[in-house]
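For reference, the structure discussed in these notes is given below.
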Amino acid sequence: MPSNTTTYQLGDIRNALKAQTGGIPYLGCGNNGTVLQEVWYFNHISGSVSCSMRPDNSLMLIGVKEQFGRFKAVDSVTKSSCSSTDGIYYYERTPTSERDVRVLP
């Protein structure tokens, strides 16, 4: 749960996310590894998934309601940049902490 005063241990965050999603995501931290900034989830996908090519030749998933594939959560193989010894802050959101990053067709 986000908090501006409580810190969490890396193992506790990983365990909580794995219990909810089935896989351990990559956790990216700033401020010497003590502020959680990003979480990347990884999946193996089998079956049909709608996707499209972006102008930079990267793939973009489309038609979320039309995906018929099976998604299996997998653990990240990238080492976390979060501290394994110091407490990690997962700060509460503020009105200026989010921005729209959607790619429009």
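The values are calculated or read from the model by the stated rules, or taken from the named source; none is laboratory data. Treat the numbers as computed from the prediction; the structure is a model and nothing was measured. Cβ: placed from backbone, ideal geometry, glycine included. Neighbour counts: every protein chain shown.
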query = Residues in the stretch 67-75: is at least one modelled with pLDDT under 85, under 29 Å from ILE13 (Cβ atoms) and part of a strand (DSSP E or B)?
reply = yes
inquiry  = What are the pairs with Cβ atoms under 9 angstrom where one residue, in the stretch 70-87, is without any contact (Cβ under 8 Å) to a residue 12 or more places away in the chain and the other, located anywhere, is surrounded by 12 or more Cβ atoms within 10 Å (Cβ to Cβ) and part of a loop (DSSP other than H, G, I, E, B)? Sequence gap at least six, or different chains.
reply    = THR85/GLN9; THR85/GLY33
ask   = Does GLU38 satisfy being modelled with pLDDT under 75 and closer than 25 Å to VAL103 by Cβ?
value = no
ask   = Tell me, which residue of the stretch 84-104 that is assigned to a loop (DSSP other than H, G, I, E, B) and β-branched (Val, Ile, Thr) is surrounded by the most Cβ atoms within 10 Å (Cβ to Cβ)?
value = VAL103
query = Is there a residue in the stretch 81-93 that is at pLDDT below 90 and closer than 22 Å to ASN4 by Cα?
reply = yes
